[in-house]
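Take a look at the structure below.
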Amino acid sequence: MKNSRCQVHFFPVDITVEIEKGKTILDAAYKGDLFINALCGGDGTCGKCKVVLGSGTIESMPTTHISVSEAQKGYVLACSTKVIGDLEVIIPEESKLDKSQILVSDFPQFSGSLAAATSKVEHFKQDPLVNKIYLELPAPSLDDCMADYERLCKEIMIKADIPLEKITINFDVLKYLPGILRSSDWKVTVTLGYRGPSVEIIEIQGGDVSAGNYGVAVDVGTTTVVAHLLNLSRGDD
Ligand code: FES
């Protein structure tokens with residue numbers, strides 16, 4: 001039973017993985033938490049999962065993705081190469097796929113500021129769905145005994161020019177409204193989410209934190225997830 005398992009030693013990471021005989025080098029890499037570029041998901045069609053065989057016994061499918069000179073240097077496709085005995089495998093730089101990778105593009109929408117992108121893309125107006133506004137509310141008194149929620153809405157109406165009937169609030173936020181207004185001396189930052197015809201108060205923070213309004217754009221691809229963090233108030237990275 002023991003010899004139905006093989007050791008695959010990966011370089012330059014110096015990680016050894018034990019795997020069942022007949023599994024692929026790509027399977028072994030996944031088992032060792034090593035990420036090899038496998039754009040086609042292991043179908044043998046993309047040619048991205050090239051690794052170099054140092055020593056050991058394999059069974060490899062013929063492929064047009066490996067040139068004659070590469071084959072002479074020991075290149076194989078990790079997804080189409082079965083592990084038959086103990087192996088030493090080198091993962092070349094171009095085949096590595098880090099667990100988390102920051103992709104940088106020259107495309108202005110992604111690498112520069114949104115403001116720079118705006119100047120190049122016609123008809124594009126910065127209009128985030130989430131805004132933060134700083135409010136200084138008058139403290140209640142014997143002459144002004146308006147309820148906390150109405151007091152807050154009144155300031156939002158004045159500062160953000162939003163009609164009262166459009167403003168809504170989440171009950172979880174409403175519950176901590178009285179506490180945060182008093183503990184922040186009636187100076188708060190309100191996060192507003194624009195949802196169709198209504199504007200929802202989605203968070204209330206003490207003090208002025210209106211500059212820290214961040215949003216993340218996420219592109220979920222087949223093998224890569226790309227995220228871009230933006231300051232929505234300023235429109236830059
Ligand atoms: S993963 Fe695409 S060819 Fe190996």
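Restricting attention to the range 30-58, the residues that are more than 10 Å from the ligand (Cβ to nearest atom) and surrounded by 13 or more Cβ atoms within 10 Å (Cβ to Cβ) add up to 11. Counting only strands (runs of 3 or more DSSP E) that sit wholly inside the range 135-237, not one has at least 2 residues that are under 30 Å from G42 (Cβ atoms), in contact with a helix residue (DSSP H, G or I) (Cβ under 7 Å, 6 or more places away or on another chain) and in contact (Cβ under 8 Å) with a residue 40 or more places away in the chain. The conditions of being at pLDDT below 80, in contact with a helix residue (DSSP H, G or I) (Cβ under 6 Å, 6 or more places away or on another chain) and of a type outside the set (G, A, S) are not met by Q101.
The values are calculated or read from the model by the stated rules, or taken from the named source; none is laboratory data. No experiment lies behind these values; they were computed from the predicted model shown. When we count neighbours, we look across all protein chains shown, and the Cβ atoms used for this are built from the backbone with ideal geometry, even at glycine.
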